[in-house]
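The values are calculated or read from the model by the stated rules, or taken from the named source; none is laboratory data. Remember, it's a predicted structure, so these values are computed and weren't measured experimentally. Note: ideal-geometry Cβ built from the backbone for every residue, glycine included; neighbour counts use all protein chains shown.
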Amino acid sequence: MNVAAAFIMRSDNSDGGDGVVSRVEKIIFHENFDVQTMANDIALIFLSTPLPINNVTIATLLLASEELALGSPVTVIGWGFTSASGSTSRKLRKADLKISDPVECSSAYGIGSIQANMLCAGVLGGGKDACNHDSGGPLVSGNKLAGVVSWNRGCGRPGYPGVYANVAYLHNWLEHNIQKNS
């Protein structure tokens, strides 16, 4: 079984918190990443030493292999801005969202802007979303990594759900590259 690691605590040690430091050994970017469309906005980071999985500061997530149903509850986690004009958070934050209709999401952002390798999540009235500096963070459903924060328009703007790399769609690429590089 392959897993992705998710950090659930961050510290610069100025507050006496413990942290884990590991050197990045290799980064693999999706070969079809397109900076203009943000298609295939995903990468794998391989560390030189394993992380201590203890379910308190670092937890494991399975890679989602099936698409989530519309309206499924998901949670985005990160230390990004708390508003579009804010600053990064010193505390881990989370927002509970729901999987959005890709047709409605594409209509909001412009026809053709939401591709199969993307998924959208948000709340109907806005107010909750990933924000600046959350990119690369997890969108989780239970114990599964469903998405990776990619882009949005503003932070929590009504009518504009967040856009995520779709882990279920990219599952084969992830599995192949994890096995090839482990």
Query - Given (1) at pLDDT 95 or above; (2) surrounded by 22 or more Cβ atoms within 10 Å (Cβ to Cβ); (3) more than 21 Å from Ile42 (Cα to Cα); (4) not β-branched (Val, Ile, Thr), number of the condition Asp96 does not satisfy - result: (2)
Query - Residue identified as at pLDDT below 95, out of contact with any Gly (no Cβ under 8 Å at 6 or more places or on another chain) and part of a strand (DSSP E or B) among Leu51, Leu61 - result: Leu61
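Would you check which residues across the stretch 153-182 are in contact with a helix residue (DSSP H, G or I) (Cβ under 9 Å, 6 or more places away or on another chain) and closer than 20 Å to Ser107 by Cα and list them? Please lay out each step first, then the result.
Of the stretch 153-182, the ones in contact with a helix residue (DSSP H, G or I) (Cβ under 9 Å, 6 or more places away or on another chain) are 153, 159-161, 163, 167.
Passing the criteria: Arg153, Gly159, Tyr160, Pro161, Val163.
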Query raised in the report: Can you name the residue in the stretch 136-176 that is surrounded by fewer than 18 Cβ atoms within 10 Å (Cβ to Cβ) and among the polar types (S, T, N, Q) and is also modelled with the highest pLDDT among such residues?
Result: Asn172
Query raised in the report: On the given criteria, is Asn2 within 27 Å of Lys91 (Cα to Cα) and either surrounded by 14 or more Cβ atoms within 10 Å (Cβ to Cβ) or modelled with pLDDT under 90 (or both)?
Result: no
Query raised in the report: Mind checking which pairs have a first residue in the stretch 124-152 that is free of Cβ contacts under 8 Å to residues at least 24 places away in the same chain and among the acidic types (Asp, Glu) and a second that is surrounded by fewer than 24 Cβ atoms within 10 Å (Cβ to Cβ) and in a strand (DSSP E or B), Cβ under 7 Å, 6 or more apart or different chains?
Result: none
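Any idea which residue in the stretch 64-79 is nearest to His171 (Cα to Cα), counting only those that are part of a loop (DSSP other than H, G, I, E, B) and out of contact with any strand residue (DSSP E or B) (no Cβ under 6 Å at 6 or more places or on another chain)?
Here the residue is Ser65.
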